[in-house]
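Report on the structure given below.
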Amino acid sequence: MKAKPVTGGLAEVRYEMRATRWIRAVFSVNPTSLTIGSVSLVLALYLSGVPILDLVELRTYDLRFRSLAPREPSPALVLALIDEKSLDLEGRWPWRRSRIAALVDALSRDGARVIGFDVGFLEPEEASSIELIEEFARTLDSLAIERAELDDFIDESRRDANSDLLLASAIQRSSASVVLGYFFHMDPDELGYQIESTEIERQLERIRDSSYPIVMRARSDVQISFVPQAYAAEGNIPILAEAADASGYFSLTPDQDGVVRWMPLAIGAGEELYPPLGVLMAWRYLGSPKLVVRLGAYGVDEVQMGDRSIPTDESGKLLLNYLGPPMTFPHVSVGDILSGATPAGTFDDKIVLVGATATGTYDMRTTPLSSVYPGVEIHATAIENILTGSFMTRPNWSKVYDLFAIVVLGCLAGIILPRLSAFAGLLLFVALFVAHVAVAYQLFTSYGAWLNIVYPLLALAFNYIALTVYSYVTEERERKKIKGAFEHYVAPEVIEGMLQDPSRLKLGGEQKVLTVLFSDLQGFTSFAERFGPQQTFSLLSEYYARMTEQVFAQQGTLKEYVGDELMAIFGAPMDQADHAQRACSAALGMREFRHAMSEEWVAIGRPPLIARTGVNSGPMLVGNLGSEYRFSYGVLGDDVNLGSRLEGMNKLYRTEILIGEHTAELVDGLFALREIDLVRVVGKQQPVRIYELLAHSGTPLPAEQQKALGSYAAALTAYREKRWDDAAGLFGESLDQWPQDGPSRTMSERVETLRVTPPPEEWDGVFVATEK
């Protein structure tokens with residue numbers, strides 16, 4: 001009887017093996033687990049909300065806004081502003097309400113359709129003039145003076161003195177719809193004191209007629225707690241509130257960073273929802289169509305004004321679509337209106353929003369476009385957005401998009417990055433970064449949709465960093481092998497550069513602005529003839545050791561020793577912004593130690609040490625040079641060759657240290673320099689200015705040498721102008737002041753030659769060197 005194969009057992013084993021591999025992939029440290037962990041962390045942060053990250057997102061929103069070009073506002077809206085000019089004409093604010101009444105009359109006569117006030121009339125005006133009239137009336141009564149003319153005068157004066165009554169009358173007779181403004185206290189803690197409940201109820205009575213006429217709920221149990229709830233109202237005095245067509249609040253709620261990006265379209269007080277000033281003004285302008293707040297199961301769905309749908313977030317806030325910087329809207333000074341200086345028809349069929357912009361009189365706010373933005377223009381922005389339908393939104397699907405972007409960016413990084421080189425991985429990171437920002441920006445500019453930038457980029461960055469660190473850790477052992485293999489052949493700095501970027505092990509390099517130093521020991525051949533090979537190498541080793549210490553003290557890279565010449569590089573492989581300064585300091589340090597060594601050597605019978613040093617800066621090709629069989633770290637380029645030529649030209653000018661003009665520009669003010677000549681060196685057509693490096697800036701030079709330097713500079717000018725006699729005299733004067741000045745001696749000899757054999761007329765003052 002044959003045994004049956006245990007197929008079920010094998011299948012179970014295979015399943016367990018696959019499960020084990022999956023568990024290891026998830027719970028061990030590898031690219032898969034790091035990706036899952038990074039994405040999960042950012043999803044948790046996004047859903048819970050992190051204040052600092054949310055603040056960064058708000059900043060990116062502002063940057064998006066600032067990149068937009070200013071837009072023209074709706075022609076239906078005009079601002080009547082209490083500005084500096086108005087205060088000059090009418091006096092300090094607040095004015096008597098009789099002047100506000102005159103403003104209402106003037107706007108009404110000119111055909112305004114809606115007049116709104118971004119100022120409150122919260123207290124009765126002081127009645128000092130009324131009291132004076134009443135006192136006058138009582139005096140007449142006490143004196144038993146009865147005249148009809150006096151009685152009429154007193155009655156008329158009573159009417160004129162009651163500014164609140166005058167303003168109420170102006171509002172009632174106005175052909176325009178008049179909307180007054182008031183505000184809410186949102187937080188009793190910020191208020192600093194408790195308001196009596198009777199006062200809270202009294203204030204609510206003042207504004208109750210201005211609540212939303214219709215609030216439609218998706219379900220009967222939906223409450224109004226989604227919207228901000230006010231603690232107490234500060235309404236206008238009853239005589240004005242009853243006279244006005246409507247009243248809307250001008251309260252604003254900035255974000256956590258103090259920037260006003262939203263306009264609350266509904267605030268709850270008591271059992272009612274109340275609209276803002278801007279909504280009621282737009283509503284009145286459109287003919288008072290059906291005005292509805294729609295409450296869904298999870299918050300406010302929208303505010304509907306006739307056939308217009310005004311988008312809001314769950315708490316009923318409108319994301320303001322600012323048109324531009326302050327004073328974008330057309331504005332007229334109230335002083336001009338009251339004085340009759342505005343042209344007829346300025347306000348015909350317009351919405352006129354009255355507010356203050358004079359210093360110290362207005363509500364200054366911070367917006368995405370400006371840190372100093374009048375509150376009246378924020379309300380104007382809300383009106384304009386409603387009239388034109390140009391809204392910014394944070395649509396309901398934006399959260400789905402944000403979550404999708406977090407997952408996709410994080411997973412793309414996790415899938416692709418482990419398969420790429422470091423540089424290609426960086427390019428991918430940058431490409432994904434830019435792509436997400438571009439998509440979010442395009443949707444913002446084209447459709448007014450605000451999508452999150454920070455959290456998806458955070459998922460990308462977290463995973464990129466995690467995978468980069470993982471790659472670094474897992475490859476550390478290999479890096480140590482590389483370091484061990486090369487540390488005996490190249491400088492430690494080069495090794496570190498290769499470890500950070502393995503591509504440096506290849507032939508070729510990169511172009512960078514660097515500084516090179518060449519130093520040649522004069523008379524090396526006579527050393528060998530006098531002391532023999534063994535002692536010569538010993539002396540040379542001692543010399544090189546002291547000079548190399550100065551190079552390393554300035555963190556330079558020693559390129560090579562070639563016979564009696566030393567070459568060093570500054571600014572590579574490690575970047576050094578002050579590479580020219582370091583090279584000049586090294587050259588001066590080498591000169592100082594060389595002079596000290598020379599004194600020691602002469603004292604024991606050795607020859608004096610004389611060296612020539614050339615320093616030059618400029619763009620050079622730096623990297624591993626050579627062939628596939630052998631290469632070394634070095635530099636190439638015209639500026640490298642010029643550094644070598646400068647070292648050789650010390651012999652011509654009898655100097656110790658010469659530097660190129662680019663180096664002189666980089667160290668200007670840090671060292672004492674002297675311009676020597678304008679030279680066209682062998683192998684170059686472009687002339688270069690060469691300078692002698694004398695000392696660190698601030699190092700005192702002998703008085704005689706200072707005088708000689710001045711004479712040399714004047715002589716050089718005369719030389720270039722072909723004033724040979726003047727040049728000869730000045731160079732001679734320089735030598736008299738400082739007999740050991742080599743450049744003065746060289747130039748004196750050259751001037752004597754040119755006096756005998758003058759150069760051609762087109763001579764440009766450039767000396768053409770014929771030797772390297």
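Would any residue of the range 569-605 have its amide N under 11 Å from a label point 7 Å out along Cα→Cβ of Ala422? List them or say none.
none
Taking 0.36 nm per residue of sequence separation and subtracting the Cα-Cα distance, how much length would be gained by fully extending the chain between Trp724 and Lys85, in nm to one decimal?
Full extension of this stretch gives 222.9 nm more.
Could you work out the pair-distance distribution P(r) of the range 220-375 from its alpha-carbon pairs, with 10 angstrom bin width and percents rounded to whole numbers?
Binned Cα distances yield the sequence 9, 31, 38, 18, 3, 0.
What FRET efficiency comes out for Glu196 versus Met327 if R0 is 45 angstrom and r is the Cβ-Cβ distance? Round to the nearest 0.05.
0.60
With a bin width of 10 angstrom, please list the P(r) values of the range 291-350 as percents of all Cα-Cα pairs, from the 0 bin to the one holding the largest distance.
Per 10 Å bin, starting at zero, the Cα-Cα P(r) for the range 291-350 comes out as 18, 26, 24, 24, 8, 1 percent.
With the crude spin-label approximation of a point 7 Å out along Cα→Cβ, what separation in nm comes out for Glu665 versus Gln534?
5.4
Report, to the nearest 10°, how far helix 128-142 tilts away from the longest principal axis of the Cα atoms in the chain, using its own Cα long axis and a range of 0 to 90°.
30
Using the Cα gyration tensor of the chain, with a ≥ b ≥ c the square roots of its eigenvalues, what is the shape: rounded (a/c below 1.5), prolate (a/b larger than b/c) or oblate (neither)?
oblate
When all protein chains stay in place, what accessible area (Å², nearest 10, 1.4 Å probe) is found for Arg606?
Taking all protein chains as shown, Arg606 has close to 60 Å².
Report the normalised scattering of the range 530-638 as log10 I(q)/I(0) at q = 0.13, 0.19, 0.21 Å⁻¹, calculated by the Debye formula with identical scatterers on the alpha carbons.
With no solvent term, the Cα-only Debye profile gives -0.57, -1.02, -1.16.
Quick one: compute the contact order of the chain, relative version, from alpha carbon pairs under 8 angstrom and 6+ residues apart, as a percent.
Rounded, it is 11 percent for the chain.
Under a crude label model (7 Å from the Cα following the beta-carbon direction), how far is Leu122 from Asp189 in nanometres?
Output for this residue pair reads 2.2 nm.
Considering only protein heavy atoms, with the full assembly of protein chains and a 1.4 angstrom probe, order Arg206, Arg59 by accessible area, largest first.
Largest accessible area first, the list is Arg59, Arg206.
How much of Glu90 can a 1.4 Å solvent probe reach, expressed as accessible area in Å² and rounded to 10?
Spelled out: Glu90, probe radius 1.4 Å, area about 50 Å².
Could you state the angle between the C-alpha long axis of helix 31-48 and the longest principal axis of the C-alpha atoms of the chain, as a value from 0 to 90 degrees rounded to the nearest 10?
Helix 31-48 sits at roughly 30 degrees to that axis.
So how much slack lies between Glu761 and Val407, counting 0.36 nm per residue of separation and subtracting their Cα-Cα distance, in nm?
So the chain would gain 119.8 nm between Glu761 and Val407.
Specify the longest stretch of the chain that does not include any exposed loop site, a site being one of the chymotrypsin sites (Phe, Trp or Tyr not before Pro) with a non-H, G, I, E, B DSSP assignment and at most 13 other Cβ atoms within 10 Å.
1-192
Looking at the square roots a ≥ b ≥ c of the eigenvalues of the Cα gyration tensor of the range 355-478, which shape do they give, rounded for a/c under 1.5, prolate if a/b is larger than b/c, or oblate?
The shape class here is prolate.
What does the accessible area of Lys85 come to, in Å² to the nearest 10, when a probe of 1.4 Å is used?
Here the accessible area works out near 100 Å².
So how far apart, in nm, are the two label points at Ser225 and Ile415 if each is 7 Å from Cα heading toward Cβ?
My value for the distance between the label points is 4.4 nm.
Figure the gain on full extension for Leu754 and Arg680 (residue separation times 0.36 nm, minus the Cα-Cα span) and round it to one decimal in nm.
24.9 nm
Calculate how steeply helix 197-207 sits against the longest principal axis of the alpha-carbon atoms of the chain, using the helix alpha-carbon long axis, and give the answer as 0 to 90 degrees to the nearest 10.
So the inclination is approximately 90 degrees.
If R0 is 25 Å, what FRET efficiency do you get for Ile604 and Ala553 from their C-beta distance, rounded to 0.05?
Computed FRET efficiency for Ile604 and Ala553 comes out at 0.45.
From Cα pairs below 8 angstrom and at least 6 apart in sequence, can you work out the relative contact order of the range 400-472, rounded to a whole percent?
Relative contact order comes out at 50 percent.
For the range 564-701, which whole-number percentage of the solvent-accessible area (1.4 Å probe, protein heavy atoms only) is attributable to carbon and sulfur atoms?
For the range 564-701, the apolar C and S fraction of the accessible surface comes to 49 percent.
The values are calculated or read from the model by the stated rules, or taken from the named source; none is laboratory data. A quick note: this is a predicted structure, and the numbers were derived from the prediction, not measured. Ideal geometry is used to build each Cβ from the backbone, glycine not excepted, and the neighbour counts take in all protein chains shown. Surface accessibility is based on the protein's heavy atoms, side chains included, excluding ligands, DNA and RNA. Shrake-Rupley method; radii C 1.70, N 1.55, O 1.52, S 1.80 Å.
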